[in-house]
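Trainee: One structure follows; several queries about it will come next.
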């Protein structure tokens, strides 16, 4: 199965940090008041946003970290890693295809965002392995439970996005944080097992 290199933990930790720092700084740079409960992360990187490069850079960096972490997570089952990497590629596509100005099509952005959230929510379902010497985050029951939980919070966001709910910004941020923290939890569990195992 291989071991997880240290840089894999670094990229796993960097993804949520970049994302949260990006939307925090970008929101402060918006003229007037920005409501994180009702307005989305994509609004901060949209064509009409002020200093949109801040959120765009954070999204691109997050996606790159997700792809790198998928490469590093060799102890995880390959199908799960491929789904996770797909989520990272979709995240990068979100950054490269921002919300357009009013009246223009946002289809590419919407498809990329949906693909990112869906892949990042479901990869744990395909990441688990059998055996006694499997890291906590990659055990079947843990991975399946995590996947179901991530799908539930992602479904909340999808519902708010389609229904244009009043808490779409909140549900998106909750989902985004959890989707990016879980790979870090997996990476740390793998590193902990490696540290306890004989070399």
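Trainee: Exactly one condition in (1) more than 20 Å from residue 43 (Cα to Cα); (2) assigned to a loop (DSSP other than H, G, I, E, B) is false for residue 100; which is it?
Mentor: Failing condition for residue 100: (1).
Trainee: Would you point out the residue of the range 97-117, among those that are out of contact with any helix residue (DSSP H, G or I) (no Cβ under 8 Å at 6 or more places or on another chain) and at negative phi, that is surrounded by the most Cβ atoms within 10 Å (Cβ to Cβ)?
Mentor: Ranking the candidates gives 106 first.
Trainee: Let me spell it out: the conditions are (1) over 25 Å from residue 52 (Cα atoms); (2) free of Cβ contacts under 8 Å to residues at least 60 places away in the same chain; (3) assigned to a helix (DSSP H, G or I); (4) out of contact with any helix residue (DSSP H, G or I) (no Cβ under 9 Å at 6 or more places or on another chain), and residue 131 meets all of them except one. Which number is the exception?
Mentor: Looking at each condition in turn, residue 131 falls short on (3).
Trainee: From the list 186, 142, 153, pick out the single residue that is over 23 Å from residue 63 (Cβ atoms), at pLDDT 95 or above, touching a helix residue (DSSP H, G or I) at 6+ places or on another chain (Cβ under 9 Å) and surrounded by 15 or more Cβ atoms within 10 Å (Cβ to Cβ).
Mentor: 142
Trainee: Go through the range 1-42 residue by residue and tally those that are over 17 Å from the mean Cα position of the chain (by Cα) and assigned to a helix (DSSP H, G or I).
Mentor: Here the count works out to 7.
Trainee: For the condition more than 30 Å from residue 6 (Cβ to Cβ) and crowded, with 16+ Cβ neighbours inside 10 Å, what is the one hit in 164, 172? Can you show your working first?
Mentor: Details: 164 fails: crowded, with 16+ Cβ neighbours inside 10 Å.
On inspection, the qualifying residue turns out to be 172.
Trainee: Being assigned to a loop (DSSP other than H, G, I, E, B), modelled with pLDDT of 95 or more and within 30 Å of residue 135 (Cα to Cα) narrows it down to one of 68, 76, so name that one.
Mentor: One residue alone meets the criteria, 76.
Trainee: For the range 151-176, give me each residue that is more than 16 Å from residue 123 (Cβ to Cβ), under 14 Å from the mean Cα position of the chain (by Cα) and in contact (Cβ under 8 Å) with a residue 24 or more places away in the chain.
Mentor: 157, 172, 173
Trainee: Which members of the range 103-122 meet the condition of being assigned to a helix (DSSP H, G or I) and without any contact (Cβ under 8 Å) to a residue 60 or more places away in the chain?
Mentor: The answer is 107, 108, 110, 111, 112, 114, 115, 116, 118, 119, 121, 122.
Trainee: Moving on. Examine the range 46-64 for a residue that is at pLDDT 95 or above, assigned to a loop (DSSP other than H, G, I, E, B) and under 26 Å from residue 121 (Cα atoms), and state whether such a residue exists.
Mentor: Checked against the condition, which is being at pLDDT 95 or above, assigned to a loop (DSSP other than H, G, I, E, B) and under 26 Å from residue 121 (Cα atoms), the range 46-64 yields no hits at all.
Trainee: Using beta carbons and a limit of 8 Å, which pairs, at least six apart or on different chains, have the first residue in the range 28-46 and touching a residue at least 60 places away in the same chain (Cβ under 8 Å) and the second one part of a loop (DSSP other than H, G, I, E, B) and surrounded by fewer than 18 Cβ atoms within 10 Å (Cβ to Cβ)?
Mentor: Here the result reads 37/166; 37/167; 38/166; 38/167, each pair linking the range 28-46 to a residue that is part of a loop (DSSP other than H, G, I, E, B) and surrounded by fewer than 18 Cβ atoms within 10 Å (Cβ to Cβ).
The values are calculated or read from the model by the stated rules, or taken from the named source; none is laboratory data. Keep in mind the model is a prediction, meaning the values are calculated, not measured. Virtual Cβ from ideal backbone geometry, glycine too; neighbours counted across all protein chains shown.
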